[in-house]
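Each reported figure results from applying straightforward, stated rules to the coordinates on display, with no laboratory input. From a predicted model like this one, the values you see are computed outputs, not experimental measurements. Positions of Cβ are backbone-derived with ideal geometry, glycine not excepted, and every protein chain shown enters the neighbour counts.
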Ligand code: FES
């Protein structure tokens, strides 16, 4: 496991509170921010894969477009833009349940 540095925060963030895992890499986060803000801060632009195996970046950042689906704590299709970070959170990007479980 490596630690990823946040390089793309738009403005300085507050005190770092705890780490989460993103694609098996540790990222330090601040309580109150969304998973999507963490993903963009570390430079991830392509974060999900839809049911047609197309990779997507986020679009609306307010819960409408569903293009930010990631796996959070083993639950598929969690919207990263609406999910606040929590301690011990495990985020997996570009995961496709249909492909992963051989459902299609
Ligand atoms: S970015 Fe549109 S729902 Fe999350």
If the elastic network links every pair of Cα atoms under 10 Å, which of 31, 48, 67 fluctuates the most in the Gaussian network model of the chain?
31
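As an exercise, use a Förster radius of 30 Å and the Cβ-Cβ distance of residue 76 and residue 8 to find the FRET efficiency, rounded to the nearest 0.05. Before the final figure, lay out the partial values.
Numbers: r = 26 Å, r/R0 = 0.87.
After rounding to 0.05, the efficiency reads 0.70.
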How much length is gained if the chain between residue 101 and residue 26 is pulled fully straight, taking 0.36 nm per residue apart and subtracting their Cα-Cα distance, in nm to one decimal?
24.4 nm
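What 222 nm value per residue comes from the helices of the chain, counting each DSSP H run with n ≥ 4 as -39,500 (n - 2.57) and dividing by all residues, nearest 500 deg cm²/dmol? Let's see the in-between values first.
On the way: 2 runs with 11 residues, N = 104.
-2000 deg cm²/dmol, from helical runs alone.
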So the compactness index of the range 18-98, its C-alpha Rg divided by 2.2 N^0.38 Å, takes the value 0.98
Out of 38, 64, 29, any idea which swings most in a Gaussian network model of the chain, alpha carbons joined below 10 Å?
64
Mind checking which of 16, 47, 72 has the largest fluctuation in a GNM of the chain, springs on alpha carbons under 10 Å?
16
For residue 59 and residue 33 in one chain, what is 0.36 nm times their gap in residues minus the Cα-Cα distance, to one decimal in nm?
7.6 nm
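Run through the DSSP bridge list for the range 1-79 and note the antiparallel percent, rounded to the nearest 5. Walk me through the intermediate numbers first.
Numbers: 10 of 11 bridges.
Taking every DSSP beta bridge within the range 1-79, about 90 percent pair in antiparallel fashion.
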